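In what follows, a structure is listed as structure tokens, so that the remarks can point back to it.
Computed from the coordinates by the stated procedures, all read-outs in this text should not be read as laboratory data. These numbers come from a predicted model, not from an experiment. Neighbour counts are summed over all protein chains in view; Cβ atoms, including those assigned to glycine, are modelled from backbone coordinates with ideal geometry.
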Amino acid sequence: MPAKPSTKQRLQIDRQKMTEQDPLVRNANFDEVNLGLPEKVALLEAERCLLCRDPKCISGCPVMVNIPRFIEMLWQGNLPEAAQCLLHDNALPSITGRVCPQETQCEIECIRGNKGLPVAIGYLERYVGDWAHGQKDQQSLKVAPSTGKKVAVVGSGPGGLTAAGELAKCGHAVTVFEALHKPGGVLVYGIPEFRLPKKIVEAEVARLEQSGVKIVCNTVIGRTYTVQELRDQFDAVFIANGAGLPVFMNVAGENFKGVYSANEYLTRVNLMAAYQFPRADTPVLKGQRVATVGGGNVAMDSARTAKRLGAESSMIVYRRTRKEMPARAEEIHHAEEEGLQFEFLVAPIEVIGNDKKWVAGLKCVRMNLGEPDSSGRARPIVIPGSEFVIPCDVVVVAIGTRANPLLTATCPDLKLNKWGNIIVDEKGMTSLPGVFAGGDIVRGAATVILAMGDGKRAAKAMDDYLSGKA
Amino acid sequence: MHKVVARAQLSPNVTRLDVIAPRIAQIRQPGQFVIVHRAEGAERIPLTIADANPAAGTIVLVIQSVGKSTRELVALEPGRAIAGIAGPLGHPTELIASGRALCIGGGVGTAVVHPIAQGLQRRGVAVVSVIGGRSKEWVIFEAELRRLGEVQVCTDDGSYGRHGFVTDAAKDALAAGGIDIVYAVGPVPMMRAVVNLTKPLGVRTIVSLNPVMVDGTGMCGGCRVGVGGQTLFACVDGPEFDGHLVDFDLLMDRLSTYRDFEQQALAACQEGACKIGLK
């Protein structure tokens, strides 16, 4: 073990940079943008952690990873211990290390951010997580002896997988039901390969399966089985079936050929591998000029995908300014580097079609920002007479999703809010005893890590429930 | 995995596959469909469940070979398997409780009409079927429908049954009176023609729409259709709708979205990239 550096020595180290594919190379391929830290760089970054006695970073993490401990183990070169520490709190570290908005969670709390840049916690998490995937003895979670209890998890996205991992660790027999043909939910249909390679998701899922979790694909709860049937066959149920239905703009021309929801566009390219067409069978329209409407991570993913599919121009159309964009800072930065254009303070009012009903343009108006609305963000106000047309041949609508009623409509006893999201108590339990829920079906559209936080919290509550403690 | 237990050629381009899917066979209802995912890399294809045998644990899929994906599917010989079948999806058919129903099937749509007629017959509704095809060899599911009621067959060339379109026979059936509801499934122009017949008569008409789908669970919105001025998703709001309210022009147009890609996929296939034995 190296000699312990003083705080002063630690403070002298600058934040290490992630190695990335060159922007003008990567915007034409689907390989991962971030290449990971080399060992030396990771150890140096780990040394930057001050190992605070009262660490604030942990409370910033929705799954409460013991951040200073795993970083200390990493710095000591004790990777097995670092991995065990990380996996104890987070069953999917290679995923969260890539897609979490660390800058608003753990890293924003890091004391080093007060003067300079915070420790790159996400990079280190990814480093340790990826290391563990290459180790034979890190292929499963530490599982308690069997409790004899059976648990059903609905949905194999981040919330469902996290809950499955936690429940398996407690010794419960877990079965995960997935509607699509591949496990991972939004991690495989939504988040692109260049941000989260599918082999990473496969490896994390494989670890859960190695730990005893059973995953059943092509099973739509609400259709193939009802929630009531799951209740009859299992001791507890966790519902994490995601947000579901895409929201459209509700403007004229929205059904012209070439208008996609971001869900469809990304599903075709990610889950169905349409970027490999005709080697993969599912096609996608590759626009020359693609306009993506929205300002979140899904909009960034769509617009960056369009560029990679060969669009000459890929543009983000957002009705507020850059400052209000809900997307992660890193994604916006990467998008800019890759040559995407941004039209801020612009709102679409109509999709223009040609005589064959293909998309030919997006008619928009310019906006000013007014007083904050109920979300606290400035309300965009239309500037009269500011109409103009953005010429484009594909429009991707990435303005959110609403609750999918497939499951809830067949389970009338489940209490919902006015948007159709499932209502849960502070432990994540629904109005049905033994049925818990979390992630987007509870929150509306949120993030991977918030869904994981819900999965972890609910798993704890379910374990208590199953052992009669609650 | 879902093993194919039987395969039969029903018409020059329509094939019937009997496939193991016990859960779906047990709970499927008329009008529902499945998403079929043949293998890694294949498209997800929506197919109506034409029939089922709960005791044997099988469902019947009736597939029209159009592009590469459907040709590869019908090339599956008994003993081979389909990787994934999800369902049953969509709302079951709105079946009337009593009376007399006219079921109109055109081409492969006749297989979609079959479970509807089955459901009606089980409820004691009198079923009159009008089915058709280009010529005799294109007529499918005649025997199955005859078990459920009266059947009139039409062929475009007069080689079998009545010479003419199904709409001609439907017109006569409607004129004779006593029809409480019409179910029509077939090519878009056929469904539109039926609706144009029934609308002035005020006879409720249900049509089954088959737009492009990916997930089939409401997630992608690719299958959006216009119904009564609203945009709905065929997978979760349908696939059956009140025909008098359907925007058939929109349906027809959106169905053409990937035509060039289909050609490209077939061409790539013929160059030897796949082994589906194109005819």
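What to note about this one:
- Mean separation of Cα contacts under 8 Å (6+ apart) over length of chain B, as relative contact order %: 16 percent
- Using θ = phi - 60° in the Karplus curve 6.51 cos²θ - 1.76 cosθ + 1.60, the 3J(HN,Hα) couplings for the stretch A:356-366 round to 9, 6, 8, 4, 10, x, 10, 7, 10, 10, 8 Hz; x is entered for Gly and Pro.
- Amide H contacts of B:Tyr183: B:Leu102, B:Cys103, B:Ile104, B:Ile206, each under 5 Å away and 5 or more positions distant or on a separate chain (H built 1.01 Å from N in the peptide plane; Pro and chain starts excluded).
- Placing unit charges on each Cβ (+1 for Lys and Arg, -1 for Asp and Glu) gives the stretch A:15-173 a dipole about its Cα centre, and among A:Ala164, A:Cys49, A:Ala83 the Cα reaching farthest toward its positive end belongs to A:Ala164.
- For the stretch B:77-181: rounded, prolate or oblate by the Cα gyration tensor [a/c cutoff 1.5]: oblate
- Projected-area mean, the stretch A:353-431, by convex hull of Cα positions, square nanometres: 9.4 nm²
- The order of the peptides B:92-98, B:205-211, B:167-173 by mean Cβ neighbours within 10 Å, most packed first, is B:205-211, B:167-173, B:92-98.
- Tensor-based shape of the stretch A:108-254 (alpha-carbon gyration tensor, a/c under 1.5 rounded, otherwise prolate or oblate): oblate
- Residues A:Trp358, A:Trp131, sorted so that the one with the fewest Cβ neighbours within 10 Å comes first: A:Trp358, A:Trp131
- For B:Thr58, the residues whose amide H sits under 5 Å from its own are B:Ala21, B:Asn53, ignoring neighbours fewer than 5 places away on the same chain, with H placed 1.01 Å from N.
- For peptides A:365-373, B:34-42, A:437-445, A:235-243, sequence by mean Cβ density within 10 Å, most packed first: A:235-243, A:437-445, B:34-42, A:365-373
- Dipole size of the protein assembly as shown about its Cα centre, with +1 on Lys/Arg Cβ and -1 on Asp/Glu Cβ: approximately 600 debye, rounded to the nearest 20.
- Look at where the Cα atoms of the stretch B:2-52 and of the stretch A:1-72 average out, and the two centres are 51 Å apart.
- Over the stretch B:74-114, the ratio between the Cα radius of gyration and 2.2 N^0.38 Å evaluates to 1.73.
- The stretch B:142-181 shape via C-alpha gyration tensor axes, a/c threshold 1.5: oblate
- Across the stretch B:209-219, coupling constants 3J(HN,Hα) worked out from phi with the 6.51/-1.76/1.60 Karplus curve, θ = phi - 60°, read 9, 10, x, 5, 10, 10, 8, x, 10, x, 6 Hz, and Gly and Pro carry x.
- Shielding by partners, peptide B:209-219 (average Cβ within 10 angstrom, other chains): 6
- Distance violations [Cα-Cα > 23 Å] among A:Lys8/A:Lys40; A:Lys198/B:Lys3; A:Lys286/A:Lys363: A:Lys198/B:Lys3
- Taking the fewest neighbouring Cβ atoms within 10 Å as the starting point, the ordered list for A:Ser261, B:Ser65, A:Ser140 is A:Ser140, B:Ser65, A:Ser261.
- Measuring nothing but how far apart in sequence close Cα pairs (under 8 Å, 6+ apart) lie, relative to its length, the stretch A:387-470 scores a relative contact order of 22 percent.
- Within the listed set B:Gly238, B:Gly133, B:Gly202, the residue fluctuating most in the Gaussian network model of chain B (springs between alpha-carbon atoms under 10 angstrom) is B:Gly202.
- When both bridge partners sit in chain A, DSSP labels roughly 40% of those beta bridges antiparallel.
- Averaged over peptide B:40-47, the number of partner chain Cβ atoms lying within 10 Å of each residue's Cβ comes to 4.
- Length-normalised contact order for chain A - Cα pairs under 8 Å, 6+ apart - percent: 15 percent
- Over all other residues within a Cβ to Cβ distance under 12 Å of B:Gly31, the charged ones net out to -1, with Lys and Arg as +1 and Asp and Glu as -1.
- Qualifying chymotrypsin sites (Phe, Trp or Tyr not before Pro) in the stretch B:88-166, where qualification requires a DSSP coil assignment and no more than 16 other C-beta atoms within 10 Å, are lacking entirely.
- Centroid-to-centroid separation of the stretch B:80-149 and the stretch A:192-213 [C-alpha atoms, Å]: 43 Å
- Convex hull (Cα only) mean projected area of the protein assembly as shown, reported in nm² to one decimal: 35.0 nm²
- For A:Arg328, residues with placed amide H under 5 Å, excluding near neighbours: A:Asn297
- Alpha-carbon centroid distance for the pair the stretch B:154-188 / the stretch B:249-269, whole angstrom: 29 Å
- Ordering of A:122-130, A:289-297 by burial proxy (mean other Cβ atoms within 10 Å per residue, highest first): A:289-297, A:122-130
- Peptide-level mean, for B:250-259, of C-beta atoms on other protein chains within 10 Å: 3
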